[in-house]
There are 2 protein chains.
Amino acid sequence: MTDPDLSRRIRDAGGRVTTARLAVLRCLADADEPLTPDEVLEHLARNSDHVPDRVTIYRAIDWLAVHGLVRRLATVGRAARYEPVEDREAHAHFQCRRCAQTRCLPAPTPPLPPLPPGYAAERIELVIHGLCAACRAGDTP
Amino acid sequence: MTDPDLSRRIRDAGGRVTTARLAVLRCLADADEPLTPDEVLEHLARNSDHVPDRVTIYRAIDWLAVHGLVRRLATVGRAARYEPVEDREAHAHFQCRRCAQTRCLPAPTPPLPPLPPGYAAERIELVIHGLCAACRAGDTP
DNA sequence: GTTAAAAATGCAATAAAATGGCAAAAAGGA
DNA sequence: TCCTTTTTGCCATTTTATTGCATTTTTAAC
């Protein structure tokens with residue numbers, strides 16, 4: 001997705017197109033796995049000249065999440081992870097219990113189970129826990 | 001599950017049966033939804049005379065998790081949530097995006113999607129995101 | 001292009017959740 | 001009961017995230 005496209009998405013969501021928002025969205029869109037705010041910061045520190053403050057990253061991600069351009073995932077690790085909301089959708093996430101790596105897996109969304117009365121479902125997430133290839137190759141289970 | 005049963009599970013896992021471990025396991029087993037370490041502490045503070053230190057709770061939960069008596073869930077909120085590992089298994093979790101309440105839902109475990117080579121799946125978790133009845137009843141979406 | 005209002009950012013301080021080190025206390029077998 | 005090992009409590013520290021406020025940037029109007 002090109003920068004003008006991303007800018008447009010931000011403007012359509014009713015916000016100002018700022019360097020930070022664009023850079024964060026760009027970063028998440030380019031990454032092939034969900035990132036933590038700190039990972040986003042690292043990426044920007046490596047690939048941009050002007051690196052936004054950590055707080056700005058948090059606020060940009062939060063704004064993007066509230067406006068539906070980005071999604072916060074359920075994670076087992078300590079830090080939150082975010083991925084861009086795109087069309088490809090319908091995928092699951094694998095989480096390594098050793099290194100906390102999180103990656104996307106192609107998988108159909110399972111059917112929605114019945115909810116208690118009054119509850120409203122908005123999204124369904126499938127998390128596969130286990131060991132990634134690298135961690136399984138290394139010793140200690 | 002009775003206390004002797006829980007003690008037995010701890011001893012069988014190869015650890016000492018301590019007040020803290022027993023109390024934490026008891027607390028998680030009695031709760032009808034997954035709890036955070038702080039919630040466990042609150043429960044114990046209300047229902048016991050000797051309240052273990054917060055750090056002890058963390059360590060007890062961790063020990064129970066490492067030894068398979070308790071399970072850490074994937075959460076969207078900041079704090080980790082744990083549930084006891086029992087037989088009833090095969091259930092999903094609903095997470096309210098407003099109040100962060102997490103509750104168990106009866107739901108079949110979906111089929112395991114194909115993993116990249118070298119990856120090993122150990123558990124599959126289904127998280128339903130949405131609004132609980134209470135939060136939906138209250139105003140602002 | 002200026003300019004002014006509104007929105008976003010940077011910085012410092014603070015909060016929340018979790019972890020590490022170490023001496024004191026408790027478990028469990030002899 | 002005594003001894004060894006494991007666990008606990010307390011304090012300090014780390015990691016992750018949030019808040020307040022002055023300054024800067026964005027954007028729309030001129």
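The values are calculated or read from the model by the stated rules, or taken from the named source; none is laboratory data. Just so we're clear, the structure is a prediction, and the values are computed from it rather than from any experiment. Here Cβ is always computed from backbone atoms with ideal geometry, including for glycine, and neighbour counts include all displayed protein chains. Remember, those area values only see protein heavy atoms, side chains included, never the ligands or the DNA or RNA. Shrake-Rupley method; radii C 1.70, N 1.55, O 1.52, S 1.80 Å.
Miscellaneous remarks
- In the set (1) closer than 20 Å to B:Arg81 by Cβ; (2) of a type outside the set (D, E, K, R); (3) modelled with pLDDT of 95 or more, the condition left unmet by A:Ala100 is number (3).
- When residues of region A:67-85 are limited to those that are within 13 Å of DNA strand D (Cβ to nearest atom) and more than 13 Å from the chain's Cα centre (by Cα), the one nearest to the other protein chains (Cβ to nearest Cβ): A:Val76
- In the condition set (1) within 24 Å of B:Gly138 (Cβ to Cβ); (2) facing chain B (nearest Cβ under 7 Å); (3) modelled with pLDDT under 95, A:Tyr119 is compliant with all but (3).
- Residue count for region A:83-94, restricted to those that are open to solvent by 30 Å² or more (accessible area, probe 1.4 Å) and within 27 Å of B:Pro34 (Cα to Cα): 2
- Screening the candidates B:Arg103, B:Arg97, B:Arg72 for the property of being within 14 Å of DNA strand C (Cβ to nearest atom), open to solvent by 10 Å² or more (accessible area, probe 1.4 Å) and more than 25 Å from B:Pro4 (Cβ to Cβ) yields one hit, B:Arg72.
- Subset tally (residues that are without any contact (Cβ under 8 Å) to a residue 40 or more places away in the chain, under 15 Å from A:Glu125 (Cα atoms) and within 12 Å of another protein chain (Cβ to nearest Cβ)) for region A:86-99: 5
- Cβ-Cβ under 9 Å pairs, at least 6 apart or on other chains, region A:104-128 side assigned by TED's automatic domain parsing to the domain that holds A:Gly77, far side part of a loop (DSSP other than H, G, I, E, B): none
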